[in-house]
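Note sheet for the following structure.
Bear in mind that the values in this text are calculations on the coordinates, not laboratory data. Note that the coordinates shown come from a computational prediction; the quantities given were computed from them, not determined experimentally. Note: ideal-geometry Cβ built from the backbone for every residue, glycine included; neighbour counts use all protein chains shown.
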Amino acid sequence: MDKRTFLHQLPVLGIGLPVIFKNLDKWVATVAHLSPDAAATDEDFWMQVRSGYRIKPDYINLENGYYCITPQETLENFIHHVREINYQGSYYMRTAQWDNKRAVAAQVAELAGCSADELIITRNTTESLDIIIGGFHWSAGDEAVMADQDYGAMLDMFKLVEKRHGVVLKRVSVPNHPKSDEEIVDLYAQVITPKTKLLMVCHMINITGQILPIRKICDMAHHKGVQVMVDGAHAFAHIPFSVKALDCDYYGCSLHKWLSAPLGAGMLYIKKEHIPNIWPLFGEMGHASHDIRRLNHTGTHPVHTDLAISNAIEYYLRLGPKRKEARLRYLQTYWTSKVRDLPHIILNTPADANRACAIANVGVKGIKPAALAETLLKKYRIWTVAIDGAGVQGCRITPNVYTSLKELDTFVAALRDLGSS
């Protein structure tokens, strides 16, 4: 998406103009001549980016995977939208609300690489994928395929359709260190039968950060007549891609993760031909069966969040998607390369740079994940999250664009220290 074009498309129907910030453009100009990989190592630039965030000094935040805090300029625009909608009240809600929601959805669709009539704004990944799992036309004996490493809320939703419709659930376990794409594709292929109707797969596994070969999995599944639903919670605005190029049937994600929109923002893509076949979770009879908006009825909701998505996209485009991806991958490889060969360290994320980006998972031999997370916080003032299950025992480590090398050096020193204690 062209930045200049995007700025002309900002949804301002019935809303005052957003707050304009120029610092990021000034900072980006200093690295505009560099390749993304070269810019990734320019610490002066990234410390300027860091200055655009309000960062809590009590701990080093290496748990951005749950929710990526918004930069100050996005936050200020969000507050502006809250004030403006509070000022207008029901007038805005009855006039411009839905036009603006569609305008924002069109911007997200352009960023995602799909048609605007194939995408809706939701509240998070869970809602997005629940719409598909719960709205699928299931019959007793139908099969669904998923992995042990998939997000727990999605696995729980599949358990509900198992109880309600008699769906048979078939699970695989994705290796933390696959030898090839084909190993992963074959893993899923081996459990598909003529009764399989839907395959769920993570674009980026949330507990390890491993990036899966989605297009190859989709090609295999489609050849067998199976639709594919992708959990893209951690991939969108983390690594650039196009949902059309992936050729999946459904794609859901949370925009408050790597796009850094305010909390409560997600999106759902549905391939056009599948839209009429999904039952809505909430009753909505005002749209035709082929209109994706019939799946988007959630009642009154915080529409100022919708508007702030535009500001988050604008920030992301100005920072530069490839530049951001390169920095995130650099931060991960910076710390993992320093500890991967230590005898007491277990890394649950592939070393191949193409199989991971910002997220990685690390364990310490002899220390349970919960104890490791507690020690990192209490002794070293480092905030992480413990993962203990699905073949993964360790802490998920998730830096963001504002993370400094000094902070990662502190984390590396902590891991080395834990090996000597």
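Listed residues Ile184, Ile207; which is in a helix (DSSP H, G or I) and touching a residue at least 12 places away in the same chain (Cβ under 8 Å)? Give the derivation first.
On the way: Ile207 fails: in a helix (DSSP H, G or I).
Going through Ile184, Ile207 in turn, the sole match is Ile184.
Residues in the stretch 210-232 that are free of Cβ contacts under 8 Å to residues at least 40 places away in the same chain and crowded, with 18+ Cβ neighbours inside 10 Å: 9 in all.
When Asp341 is tested against (1) within 16 Å of His177 (Cα to Cα); (2) in a helix (DSSP H, G or I), exactly one condition is not met: (2). The residue that is farthest from Lys406 (Cα to Cα), counting only those in the stretch 24-43 that are free of Cβ contacts under 8 Å to residues at least 40 places away in the same chain, part of a helix (DSSP H, G or I) and of a type outside the set (Lys, Arg), is Ala29.
Can you tell me which residue is surrounded by the most Cβ atoms within 10 Å (Cβ to Cβ) among those in the stretch 329-342 that are touching a helix residue (DSSP H, G or I) at 6+ places or on another chain (Cβ under 7 Å) and not charged (D, E, K, R)? Result: Leu331.
Check every one of the strands (runs of 3 or more DSSP E) wholly within the stretch 76-181 and list those with 3 or more residues that are hydrophobic (A, V, I, L, M, F, W, C) and farther than 18 Å from Ile309 by Cβ.
143-147, 168-172
Give the stretch 353-383 a look and list any residue that's among the aromatic types (Phe, Trp, Tyr) and out of contact with any strand residue (DSSP E or B) (no Cβ under 6 Å at 6 or more places or on another chain), or say none. Result: Tyr380, single match. In the set (1) more than 22 Å from the chain's Cα centre (by Cα); (2) closer than 18 Å to Asp231 by Cα, the condition left unmet by Gly209 is number (1).
Applying the criterion of being small (Gly, Ala, Ser) and buried (at least 17 other Cβ atoms within 10 Å of the Cβ) to the residues of the stretch 381-421, the residue that is farthest from Asp150 (Cα to Cα) is Ala414. Within the set Ile239, Ile275, the sole residue that is of a type in the set (Val, Ile, Thr) and either outside any helix (DSSP H, G or I) or surrounded by 22 or more Cβ atoms within 10 Å (Cβ to Cβ) (or both) turns out to be Ile239.
Of all the listed residues (Ala356, Ala360), the sole one being touching a Leu at 6+ places or on another chain (Cβ under 9 Å), under 23 Å from Arg323 (Cβ atoms) and touching a residue at least 40 places away in the same chain (Cβ under 8 Å) is Ala360. None of Ala326, Ala288 is in a loop (DSSP other than H, G, I, E, B), more than 19 Å from Val82 (Cβ to Cβ) and among the hydrophobic types (A, V, I, L, M, F, W, C) except Ala288. Total residues in the stretch 370-421 satisfying the condition of being of a type in the set (S, T, N, Q) and in a strand (DSSP E or B): the figure is 2. Checked across the stretch 54-69, the condition of being aliphatic (A, V, I, L, M) and either over 22 Å from Arg381 (Cα atoms) or surrounded by fewer than 19 Cβ atoms within 10 Å (Cβ to Cβ) (or both) holds for at least one residue. Ile346 - would you say it is assigned to a helix (DSSP H, G or I) and in contact (Cβ under 8 Å) with a residue 24 or more places away in the chain? No.
I need the full set of residues from the stretch 320-341 which are touching a Lys or Arg at 6+ places or on another chain (Cβ under 9 Å) and over 21 Å from Ile207 (Cβ atoms), in order please.
Within the stretch 320-341, the subset touching a Lys or Arg at 6+ places or on another chain (Cβ under 9 Å) is 338-339.
Result: Lys338, single match.
Residues of the stretch 49-83 that are among the basic types (Lys, Arg) and in contact (Cβ under 8 Å) with a residue 12 or more places away in the chain: Arg50, Arg54. Checking each residue of the stretch 234-252 against the condition of being in contact with a Ser or Thr (Cβ under 8 Å, 6 or more places away or on another chain), closer than 15 Å to Val201 by Cα and charged (D, E, K, R) gives no match.
Please go through the stretch 242-272 and pick out each residue that is over 19 Å from Leu199 (Cβ atoms) and in a helix (DSSP H, G or I).
Pass one, the stretch 242-272, residues over 19 Å from Leu199 (Cβ atoms): 242, 254-267, 272.
Hit for the stretch 242-272 is Lys272, nothing else.
What about Arg323, is it of a type in the set (D, E, K, R) and closer than 30 Å to Ile20 by Cα? Judged against the criteria, Arg323 is a match.
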